[in-house]
Amino acid sequence: MKFTVADLLDQVPFDDSLEVSKLEKILRLSNRADKQSLDIALKGLDRLGVLSLTEEGSISRGDDIGMIEARLRCSSKGFCFAIRDDGGEDIYIRDHQLNHAWNGDRVLVRIIRDAGRRRSPEGGVQCILQRATTSLLAHVQQQEEKLLAIPLDDRLLASIELPESDIQYQQEEPSTSVVEVQLDRFPIAQHPARAHVARSLPLNGGVDADRDLLLTKAHLHNRTSAPRTTLKAPSDKRRKDLTDQPSLLLSNWLIDDAPQLPAAHVMPFAGGTRLWIHSPAVAERINPGNSLDQWLCEQSEALCLGNKWIPLLSPNLSKATAFKVKESQSAVSVCIDIDSEGEVLDWEFCLTQICPVGEVNCEMLSALAGRKPRSRAIPTALKPIKDQIGQLETLLFCAKALHAAELRRGQTELDLLEPDLDSLGDLRTTEPCGGNRQWIEPLREEDPFSILSVFLRAAHATWTQHCLDFNLPAFVLHANDPESGTLNDVAKAAIALDVPLSLDEEGTTSASVLSQALIGNPSRRVLNMQLRQTLPETHLKLLKNSSKQLPLTNKYEESASEIEKIQLDIDPENDTSEVKNEANQMLAPWCCPTLHYADILNQQVLCQLLNDGKDRPSVRQKETVNVGKKGAVSRITWPLFSGSLNQRLNELLQERHLQRLNARRRQKAELCRDVIAMAQARSAQPMLDHEQQGVISGVQSYGFFVEIAPSMVEGLVHVSSLNDDWYEYRSRQNRLVGRRNRRVYKLGDPVTVCVTKVDVLRNQIDLDVVTASAETHSPMPVAVSEG
């Protein structure tokens, strides 16, 4: 089919009907076969109650409210859960209730058994909205009289039939290559899935072959070329000329074609600092809904593959928006006044014209850190920006104050550097926008991106609050709270390692308190790794433009609080403190439109506010209101946009964008993890049959994991290889204990291992313990109990 069920449902309004003939035109269905497929799909959705199909040829939303939209997540053991889009409790799906759904598919689920005391709710898949897998990596095997593709991803619980012509791809030794398989038919009723081999991919073909392999695995290898379109010219209306401002470019990427990042300028102001963030004006050059905009939406993310970037922007758009030293360029900017404690006092959003004066890199910041106080000598590395040394010192002061304020507000800080491998290129440094993490890194004064990330979080938080004030829609990054049980497990592991940790009256702690208690502890890294696993990744959600029209009067605080309650779907009768806390946990990203399409959409809303927002009730009124200024909403008593502009604003950000953007974010995150893991596995190949020093980074009932520096590669010492004793697993203490010799393998212990096997494709490294001396393993006191 040319469409998915998700595509179909996206076109059906919630409060109106739609003619089937019009739907056919929207989905571009012209031939008879495609229209018959649509007719079958509509009848099936009508029977399920998802849609209502009339005899007159129109469709509308059905009355069935028992369906839950979710994403299927399966394990290699056969356990499947439906991960709800609304953040509700995961739903367990038994194998006979999957109805041929596969791992990663978007599905509609119906609850068939409510949750119990220690049991998840159970459900069954009623409809597959969108398939996540259209191609996959596999090995070709002959089983009895059938030629099958065995998926490399063991979470895909299916075997796929191949035509006999693909027998040529069968190998007696499958470790030399894999094949890319294209699905021709998904399983239905008693009929299995069918596919054909598209190509063979070598496993030892070098860096380029590894890159192609990982892109294929992530379903990101078939990117279309950008359409040829004419770019819009940024408007000069209301644009401030800041070309005399000495803004700086903070750079830490090594690849020449790496995406452009925002510029910054900091100056002392009223005992604190005034921070300017200038973002590339990407949104101003795009016509919403045109072919270029649709192509950008399809790409969604810029991809870093180590020593190569696959950009988000088209070449002409990237060139038109790039910041270059001593060249004038349009920007979308925010000016933030910050006190000495890092608290934001005031802000203003505006359209600007800037001219960066220099670029700041790691060498410059390292030279600044090593420079003696009051020294007149200028290090060689700082000579290109010698006139901006004072600004660099102010920049560091501002970043320290903002970072300290974040920690006071309860932000979780984890110190987890990326592996130091040359083959990782730009993946050795973390994106300054933070990626999918809900935690922050320590401020590293010699790292430009570490400083820039603090500034970007402040800029994004400021826009989030501005959207709440003006009742504007935005895509915000949000993360669910960690489960208290898993968090307490990490706390118990920390206490077992003598970390001085304070618990509350209920015997629990928070992720932020736990992360702060680990600072300075020798086992900080391994405990941070455990803590990271408890923190759910961030995802995009829509901060809605409320349909309820609030009177914009001088009672600013009352109106703003009411808006927040409506947008966050919270009962207006409840106390506003919870609303404020949830709003503070969300960030509306807009500063990195070269990296994320969500930033482009948020920037389009910002540009519409600055370009088209009414700054006075009529042209006769001479006094205007700066709509980009903090608190401006308290002075506005007229509609901010006309009816057509308000409709266009609502059409910019829609719920249907969320599924694609979040799916792309997950694909990108998984791709980055796979690139890093493969580079680590490649670095472990020369270690085969050699002894290595490592640290125990995780303990399970089946063995323990060991991390080996500097590549930070993790391998498994399986419990079956510990043949000197029978080892018991003490889960609450994160340790394995020998019954006879009382030897202990616990989290954070140094250990000497031998690398026995490296599986690059599955990123699995097998280890054996070499020594078991008293210095390596601490003896366990006999008095220690299971608790």
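The values are calculated or read from the model by the stated rules, or taken from the named source; none is laboratory data. All of these numbers come straight from a predicted model, not from anything done at the bench. Counting neighbours? That spans all protein chains shown, and the Cβs are built from the backbone with ideal geometry, glycine included. Quick note on the areas: whole protein, heavy atoms, side chains included, nothing else; ligands and nucleic acids left out. Shrake-Rupley method; radii C 1.70, N 1.55, O 1.52, S 1.80 Å.
Considering helices alone, the calculated mean residue ellipticity of the chain at 222 nm is -8500 deg cm²/dmol, with DSSP H runs of length four and up weighted by -39500 (n - 2.57) and normalised per residue. Taking all protein chains as shown and a probe of 1.4 angstrom, R732 keeps an accessible surface of around 130 Å².
Among L72, S52, L38, flag the residue with its Cα farthest along the positive direction of the charge dipole of segment 30-79, charges on Cβ as +1 for Lys/Arg and -1 for Asp/Glu. Result: L72, furthest along the dipole toward the positive end. Remark: the E363-R155 segment gains 70.4 nm on full extension, using 0.36 nm per residue and subtracting the alpha carbon distance. Evaluated with a Cβ-only charge set (Lys, Arg +1; Asp, Glu -1), the chain carries a dipole of roughly 1380 debye about its Cα centre, given to the nearest 20. Overall, the ratio between the Cα radius of gyration of segment 184-325 and 2.2 N^0.38 Å, rounded to two decimals, is 1.50. For segment 44-105, the Cα gyration tensor yields ellipsoid semi-axes of 29, 13, 9 Å (square root of five times each eigenvalue, largest first, whole Å).
Near H657, within a Cβ-to-Cβ distance under 14 Å, what is the net charge of the other residues, with Lys and Arg +1 and Asp and Glu -1? In short, -3. The residue list P500, L767, P202 was ranked by how far each Cα lies along the charge dipole of the chain toward its positive end, using unit charges on Cβ atoms, and P202 comes out on top. Computed over neighbours whose Cβ is under 13 Å from that of P432, the net charge equals -2, Lys and Arg +1, Asp and Glu -1. Taking every DSSP beta bridge that has both ends in the chain, the antiparallel portion is near 90%. Per-atom-type breakdown for the chain gives carbon and sulfur 47% of the accessible area (1.4 Å probe, protein chains only). Taking every C-alpha pair closer than 8 Å and separated by at least 6 residues, the mean separation divided by the residue count of the chain gives a relative contact order of 9 percent.
Residue by residue, segment 685-691 carries 3J(HN,Hα) couplings of 4, x, 7, 3, 6, 10, 7 Hz when phi is fed to the Karplus relation 6.51 cos²θ - 1.76 cosθ + 1.60 (θ = phi - 60°); x denotes Gly or Pro. Mean silhouette area of the chain, derived from the convex hull of its C-alpha atoms and averaged over all directions, reads 39.8 nm². In the assembled protein chains, R84 presents an accessible area of approximately 70 Å² (probe radius 1.4 Å). When nucleic acids and ligands are ignored and a 1.4 Å probe is applied, H139 ends up with an accessible area of around 30 Å².
Heavy-atom accessible area, probed at 1.4 angstrom with all protein chains present, ranks S484, S159 as S484, S159, highest first.
When all protein chains stay in place and ligands, DNA and RNA are ignored, the 1.4 Å accessible-area order of Y745, Y92, largest first, is Y92, Y745.
Comparing P121, A132, I338 along the charge dipole axis of the chain, the residue lying farthest to the positive side is I338, per the Cβ-charge model. Pair-distance distribution of segment 398-487: all C-alpha pairs, bin width 10 Å, starting at 0; shares per bin in whole percent are 13, 41, 32, 12, 1.
Step through the table entries K240/K383; K324/K629; K324/K400; K232/K319, compare each Cα-Cα distance with 19 Å, and write down the pairs that go over it. Cα-Cα > 19 Å for K240/K383; K324/K629; K324/K400; rest within. All C-alpha to C-alpha distances of segment 48-183, sorted into 10 Å bins beginning at zero, yield P(r) values of 11, 32, 26, 19, 10, 1, 0 percent in whole numbers. The listed residues I277, I128 rank as I128, I277 when sorted by accessible area, largest first, using a 1.4 Å probe.
Other residues lying with their Cβ under 13 Å from the Cβ of R194 contribute a combined charge of -2, Lys and Arg counting +1, Asp and Glu -1. Cα convex hull, segment 225-277: 147 Å³ per residue, rounded to a whole number.
Using Cα centres only, tell me the gap between segment 656-671 and segment 306-337 in whole Å. Between the Cα centre of segment 656-671 and that of segment 306-337, the gap is 23 Å. Each semi-axis of the equivalent ellipsoid for segment 288-401 is √(5λ) with λ an eigenvalue of the Cα gyration tensor; in descending order they amount to 34, 21, 15 Å. In the context of the full set of protein chains, segment 480-523 has a per residue accessible area of 56 Å² (1.4 Å probe). Computing Rg and the Kirkwood Rh from the Cα coordinates of segment 251-293 gives a ratio, Rg/Rh, of 1.17.
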